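Some notes on the structure that comes next.
The values are calculated or read from the model by the stated rules, or taken from the named source; none is laboratory data. These numbers come from a predicted model, not from an experiment. With ideal geometry, Cβ positions are generated from the backbone for all residues, glycine too; neighbour counts draw on all protein chains shown. To get the accessible areas, we keep the full protein, side chains included, count just its heavy atoms, and leave off ligands, DNA and RNA. Shrake-Rupley method; radii C 1.70, N 1.55, O 1.52, S 1.80 Å.
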Amino acid sequence: MTSKDGHGHGHGGNGTAAEPRRLLRLLAPFAAAILVLAPSALQAEEEEDFDPARISEVDAIECRLDVPTYTGFAMSLSEEDSPADARGWEKVASKSPAILLYELPAPITVAGRYETRRIAFSSSGIFALLDLPDPAPLAKEQQIENAMDTNALIDALAASGKVTRAEAEKEIKFRKFLGEKLIREDTEPAKDKDGYGLNTKVTRTISTSVPYVGKTFYGCTYRMEVLDGDGNPL
């Protein structure tokens, strides 16, 4: 079962001044953490000289990166010599202000068998936008459960006796899916009481969204949290 994104082009420009600023706003949580962390905490684990051009968007989507590496890659997209331009990515008008959407010059394959030419960036991650109305089969393959199961809500409404099941199903038209699975977590404690530590999490995420009915977001979130000298989140 291969899912291909069949959208037409409808690009929203290829290098306006507003887009880099918008990306920086989306990445503000990462930027805030970077300001207070020691340089050593921001180095990619196996790359002495970080080069965003060498980072694969498929590796990022498949949760194969550590958080510092992904952060460097994502923030490089707002720079003048953006890897997006070099790769021929074209910005697409987004239906959500929280998402930056790109169309790729050629399809990529994710999760083994799903193809798409569209990828999305949020404030904390990167996703393949799949032409997949029902994410359940993909979620089952990835062993991810829906944390917002609409069926459970419909069951509760029907059990209350206030509405019939048919009425509840008719009223709740959009079936939200939001599920994730922790892939990796690392903690670098502060060296002293007055210092800062860092907790990072890499999480496989599958979700649907009202503005993108009929589509599934499959990708990875890379979260970074600054810790105080006692190990508590700031």
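Limited to the stretch 73-103, what total is found for residues that are surrounded by fewer than 17 Cβ atoms within 10 Å (Cβ to Cβ), outside any loop (DSSP other than H, G, I, E, B) and over 18 Å from the mean Cα position of the chain (by Cα)? So the answer is 2. Among the residues of the stretch 179-210, those identified as open to solvent by 50 Å² or more (accessible area, probe 1.4 Å) and not basic (Lys, Arg) are Glu180, Leu182, Ile183, Glu185, Asp186, Thr187, Glu188, Pro189, Asp192, Asp194, Tyr196, Val210.
Among residues belonging to the stretch 183-210 that are farther than 25 Å from Ile126 by Cβ and small (Gly, Ala, Ser), point out the one that is farthest from the chain's Cα centre (by Cα). Explain how you work it out, then say what you get.
So in the stretch 183-210, the residues farther than 25 Å from Ile126 by Cβ come out as 189-197.
This time we only want the ones that are small (Gly, Ala, Ser), so: 190, 195, 197.
Numbers: Ala190: 28, Gly195: 30, Gly197: 24 Å.
Of everything passing the filter in the stretch 183-210, Gly195 is farthest from the chain's Cα centre (by Cα).
Residues that are modelled with pLDDT under 90 and surrounded by fewer than 18 Cβ atoms within 10 Å (Cβ to Cβ) within the stretch 119-156 comprise Ser123, Ala147, Met148, Asp149, Thr150, Asn151, Ala152, Leu153, Asp155, Ala156, listed in sequence order.
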